[in-house]
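**Student:** Here it is, the structure in full.
The values are calculated or read from the model by the stated rules, or taken from the named source; none is laboratory data. The shown structure was predicted, so the numbers you read here are calculated from the model rather than taken from an experiment. Cβ sites come from the backbone with ideal geometry, for glycine too, and all protein chains shown count toward neighbours.
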Amino acid sequence: MRARFRAVVLATVVALLATACSNPLPSVSPEAEAVPPPVLSAAQSQTVLAAVGSVLSTSDQALDPTGLSARLTGPALTMRTAEYIRSTATGGAKAPTALPANEASAVIPQTDVWPRTMLVITEQPDDLSARRVLILQQGSPREQYKLWGWARMFPGEFPTTAALTTGSAVVAADDPDLVVPPSAVLSQYADVLANGASSASAATYAGDTFRTATEANRTQQQALAAEGGATFTETYAAVDGPVVSLATQDGGALVVGQLSTTSTITAAEGGTLTNSDPFSAALAGAAPTTSLARTYTDVLVFYVPPASAGGQVVALAAEQILTAAAVS
């Protein structure tokens, strides 16, 4: 009897195991990684731009930088303050750069961390000069968006980015899937400016308006200095700070950064310099004797293609403003 019971139990267990094997457990698919939403809507972006435009309009009329910090930060604050000095020193002959508050398009980041940086491409200014790329940044959750910098667009197409309703992904500073990691773009470009075709990075960067103008001006200034027995040198350096890089639809990235350009003219031994530029004289606060060093703040926007496609890094926009001077 006991043997028969054991046989029945064993048969039942085998049957249950067979049933279990014939009906596999349902697989559990991992949840898709949550994608952060765009940080602003189109309407909010326009509201931010209008607020920045209002502060600029009020300050520009008075050529008074006191209120700028409410909506300007970083290089933009430095550049605009210097432009007020320039306008005053030249009797209004050189007015501050026109910065339209009319948005033609925008690149809004898709992120849930700070700082947050968006790009706005403006309508063409009334003077028919190049459109501007405005770089607006929110440093922390409780801060207002502020104008971090601006740059003048070069001729050509601006890369396509995601729709505002989706937002553009933030690209890591060390992303290996680009022709150049975003963190290396500004330092490599500075080396190309300094060394031209001799730079190790020369082939990586396409020729552009800013580079051509920089090289031409340097050659001209060196020749003018030599005529008077003086010397002219110019250096370029990437400015430390968080890299701003936003994805384009083709897998590349828009990279924004800052350079510092320093131009120095030094008199021949035993000679002296005269400075006929009222703007740099106002910045320096004194007349030069043997040397004059001028520092420019440069803001640049690049397109970096995906490594899979190859191609050159292209400068899309740039601005250079004289912001400091020193004499000795």
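**Student:** Please state which one of 197, 190 is surrounded by fewer than 13 Cβ atoms within 10 Å (Cβ to Cβ) and either without any contact (Cβ under 8 Å) to a residue 12 or more places away in the chain or in contact with a Leu (Cβ under 7 Å, 6 or more places away or on another chain) (or both).
**Tutor:** 197
**Student:** Separate question: Just give me the residues in the stretch 28-68 being among the charged types (D, E, K, R), modelled with pLDDT of 95 or more and surrounded by fewer than 13 Cβ atoms within 10 Å (Cβ to Cβ), in sequence order. Spell out the reasoning first.
**Tutor:** Kept after step one, since they are among the charged types (D, E, K, R), are these residues of the stretch 28-68: 31, 33, 60, 64.
Restricting the remaining residues to those that are modelled with pLDDT of 95 or more gives 60, 64.
Selection gives 64 alone.
**Student:** Among the residues of the stretch 157-186, count how many are exposed (fewer than 15 other Cβ atoms within 10 Å of the Cβ) and under 18 Å from the mean Cα position of the chain (by Cα). Outline the logic, then answer.
**Tutor:** Of the stretch 157-186, the ones exposed (fewer than 15 other Cβ atoms within 10 Å of the Cβ) are 157, 160, 163, 165-166, 174, 176-177.
With under 18 Å from the mean Cα position of the chain (by Cα) added as a condition, the list becomes 157, 160, 174.
Selection size over the stretch 157-186: 3.
**Student:** Determine the pairs where a residue that is closer than 17 Å to residue 95 by Cβ, located within the stretch 57-75, has a partner that is aromatic (Phe, Trp, Tyr) and surrounded by 12 or more Cβ atoms within 10 Å (Cβ to Cβ) with Cβ atoms under 6 Å apart, the partner being 6 or more residues away or on another chain.
**Tutor:** Qualifying pairs under 6 Å: 63/84; 65/84.
**Student:** While we're here: Evaluate the stretch 5-26: report whether one residue or more is within 36 Å of the chain's Cα centre (by Cα), at pLDDT below 95 and more than 22 Å from residue 130 (Cβ to Cβ). Break it down into steps so the answer makes sense when it comes.
**Tutor:** Restricting attention to the stretch 5-26, the residues satisfying the condition of being within 36 Å of the chain's Cα centre (by Cα) are none.
No, every residue in the stretch 5-26 fails to be within 36 Å of the chain's Cα centre (by Cα), at pLDDT below 95 and more than 22 Å from residue 130 (Cβ to Cβ).
One line per residue, one yes/no per condition, for (1) crowded, with 21+ Cβ neighbours inside 10 Å; (2) part of a loop (DSSP other than H, G, I, E, B); (3) small (Gly, Ala, Ser):
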| position | (1), (2), (3) |
| --- | --- |
| 217 | no, no, no |
| 222 | no, no, no |
| 225 | no, no, yes |
| 242 | no, yes, no |
| 251 | no, yes, yes |
| 260 | no, no, yes |
| 270 | no, yes, yes |
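**Student:** Still on this model: Enumerate the pairs (first residue in the stretch 45-56 and among the β-branched types (Val, Ile, Thr); second residue anywhere and surrounded by fewer than 16 Cβ atoms within 10 Å (Cβ to Cβ) and part of a helix (DSSP H, G or I)) with beta-carbon separation below 8 Å, excluding pairs fewer than 6 apart on the same chain, so at least 6 apart or on different chains.
**Tutor:** Note: pairs meeting the criteria are 55/67; 55/70.
**Student:** Shifting gears a bit: Tell me, which residue of the stretch 290-328 that is hydroxyl-bearing (Ser, Thr, Tyr) and part of a loop (DSSP other than H, G, I, E, B) is farthest from residue 84 (Cα to Cα)?
**Tutor:** Kept after step one, since they are hydroxyl-bearing (Ser, Thr, Tyr), are these residues of the stretch 290-328: 290-291, 295-297, 303, 308, 323, 328.
Then drop every residue that is not part of a loop (DSSP other than H, G, I, E, B), which leaves 290, 308, 328.
Numbers: 290: 27, 308: 46, 328: 25 Å.
Result: 308.
**Student:** Confirm whether residue 276 is touching a strand residue (DSSP E or B) at 6+ places or on another chain (Cβ under 6 Å) and free of Cβ contacts under 8 Å to residues at least 40 places away in the same chain.
**Tutor:** Judged against the criteria, residue 276 is not a match.
**Student:** How do the pairs read when you match residues in the stretch 222-242 that are at negative phi with residues anywhere that are outside any strand (DSSP E or B) and among the aromatic types (Phe, Trp, Tyr), using Cβ under 8 Å and keeping only pairs 6 or more apart or on different chains?
**Tutor:** Listed pairs, sorted by first residue: 238/189.
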